[in-house]
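A.B. asks: Here you go, one structure.
The values are calculated or read from the model by the stated rules, or taken from the named source; none is laboratory data. Predicted model, so just to flag it, every value in this text is computed and none were measured. Glycine also receives a Cβ, built like all others from the backbone with ideal geometry; neighbour counts cover every protein chain displayed.
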Amino acid sequence: MANNHGPQASLDLTHVLYDDSSYFSLALALLTLSPILLMPAYAVFAVQTREYLIIVMWLGQFAGEVLNLVLKHTIKQGRPSYSAANGYGFPSSHSQYMGYFASFLILHLWFRHRFSSTGSRLLDQAFRAVIYLALISWALVVAYSRYYLRYHSIAQILWGLGIGIALGTSCYGVCELIPRRRPKSIFGVVKMFAVENPVSTWLQIRDGWGVWADGGREVEWLRWRAEWDKRHAESSKKTA
């Protein structure tokens, strides 16, 4: 029977080749999948919190993936000769993804987010340093996995990281940092409209970090604890 569907290609989203005899290779194969798992986590978090910053971060991440696809099909640079993967290789999409994710989140944690204090300034700073180091290490390990697993050249990985960092920094600056410091600028006006327009009001979009230093986490916890204690007290009276 004739095939009228034309040539077929494989969509290799989770197909990862690694050295079956090496646990290190297996660990890198699992870590290299983490960017794919982050995207649905973004969506769930955005829907659950209705938080402006999370939505902006997700939209920027999605736009970066579109840009990566455009660059690959415009430049059309192949993968290294030793790679068994299909498709174009410049720039590395995994490296770009993690460069964006780490840079955007680190900037947010540095400029806007307040963690709960331990009571010790030294411990608070150490905790922040661990978070920053963990994010940077995660991005670098994922990028390295693309080289170790023979999917990209070093240049393709470095370009991916650079583009991702540039996108993450630009997106955070335009959508959050500049509007906060210059609320009357065009970026401040656009952000205000994004949060206050009728559709956003209907969807209950909020800018938690525009009101609370921790995005409202402590306020929500206190409300939950008050209601929890109230119901627990009522339940105790009924069983008394």
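Here is a yes/no grid of residues against (1) within 25 Å of Leu140 (Cβ to Cβ); (2) over 12 Å from the mean Cα position of the chain (by Cα); (3) assigned by TED's automatic domain parsing to the domain that holds Ala139:
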residue	(1), (2), (3)
Arg50	no, yes, yes
Val56	yes, no, yes
Leu71	yes, yes, yes
Ala85	yes, yes, yes
Gln96	yes, no, yes
Phe101	yes, no, yes
Arg114	no, yes, yes
Leu122	no, yes, yes
Ala126	yes, yes, yes
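A.B. asks: Give me the helices (runs of 4 or more DSSP H) completely within the stretch 18-117, filtered to those with at least 2 residues that are among the small types (Gly, Ala, Ser) and in contact with a Pro (Cβ under 6 Å, 6 or more places away or on another chain), ordered by residue number.
C.D. replies: none
A.B. asks: Lys237: in a helix (DSSP H, G or I), in the same structural domain as Phe111 (by TED's automatic domain parsing) and basic (Lys, Arg), yes or no?
C.D. replies: Working: in a helix (DSSP H, G or I): yes; in the same structural domain as Phe111 (by TED's automatic domain parsing): no; basic (Lys, Arg): yes.
No: the conditions fail for Lys237.
A.B. asks: Give all pairs with beta carbons closer than 8 Å in which a residue from the stretch 212-240 that is closer than 30 Å to Ile54 by Cβ meets a residue that is in a helix (DSSP H, G or I) and polar (S, T, N, Q); count only pairs at least 6 apart in sequence or on separate chains.
C.D. replies: Correct list of pairs: empty, since none qualify.
A.B. asks: Mind checking whether some residue in the stretch 176-183 is touching a residue at least 40 places away in the same chain (Cβ under 8 Å), more than 30 Å from Val16 (Cα to Cα) and under 18 Å from the mean Cα position of the chain (by Cα)?
C.D. replies: There is at least one residue in the stretch 176-183 that is touching a residue at least 40 places away in the same chain (Cβ under 8 Å), more than 30 Å from Val16 (Cα to Cα) and under 18 Å from the mean Cα position of the chain (by Cα).
A.B. asks: Next question. Do we find that Arg128 is free of Cβ contacts under 8 Å to residues at least 40 places away in the same chain, surrounded by fewer than 16 Cβ atoms within 10 Å (Cβ to Cβ) and out of contact with any Gly (no Cβ under 7 Å at 6 or more places or on another chain) in this structure?
C.D. replies: yes
A.B. asks: Would you point out the residue of the stretch 107-125, among those that are without any contact (Cβ under 8 Å) to a residue 40 or more places away in the chain and of a type in the set (D, E, K, R), that is surrounded by the fewest Cβ atoms within 10 Å (Cβ to Cβ)?
C.D. replies: So the residue we want is Arg121.
A.B. asks: Collect the residues in the stretch 196-220 that are closer than 19 Å to Val47 by Cα and exposed (fewer than 15 other Cβ atoms within 10 Å of the Cβ), keeping them in residue-number order.
C.D. replies: Passing the criteria: Glu196, Asn197, Pro198, Val199, Thr201, Trp202, Leu203, Gln204, Glu220.
A.B. asks: Regarding Gly164, is this residue assigned by TED's automatic domain parsing to the domain that holds Ala29, in contact with a Phe, Trp or Tyr (Cβ under 8 Å, 6 or more places away or on another chain) and without any contact (Cβ under 8 Å) to a residue 24 or more places away in the chain?
C.D. replies: Numbers: assigned by TED's automatic domain parsing to the domain that holds Ala29: yes; in contact with a Phe, Trp or Tyr (Cβ under 8 Å, 6 or more places away or on another chain): yes; without any contact (Cβ under 8 Å) to a residue 24 or more places away in the chain: no.
No; evaluated as a whole, the condition is false for this residue.
A.B. asks: Do we find that Ser137 is modelled with pLDDT of 90 or more, surrounded by 19 or more Cβ atoms within 10 Å (Cβ to Cβ) and on the phi < 0 side of the Ramachandran plot in this structure? It would help to see each step written out before you state the result.
C.D. replies: On the way: modelled with pLDDT of 90 or more: yes; surrounded by 19 or more Cβ atoms within 10 Å (Cβ to Cβ): no; on the phi < 0 side of the Ramachandran plot: yes.
In short, no.
A.B. asks: Name the pairs: first residue in the stretch 138-151 and more than 12 Å from Val16 (Cα to Cα) and assigned by TED's automatic domain parsing to the domain that holds Tyr97, second residue surrounded by 24 or more Cβ atoms within 10 Å (Cβ to Cβ) and charged (D, E, K, R), Cβ to Cβ under 6 Å, at least 6 apart or on different chains?
C.D. replies: none
A.B. asks: Of the conditions (1) surrounded by fewer than 19 Cβ atoms within 10 Å (Cβ to Cβ); (2) in contact (Cβ under 8 Å) with a residue 60 or more places away in the chain, Phe101 satisfies every one except a single condition; which number is it?
C.D. replies: Result: Phe101 fails condition (1) only.
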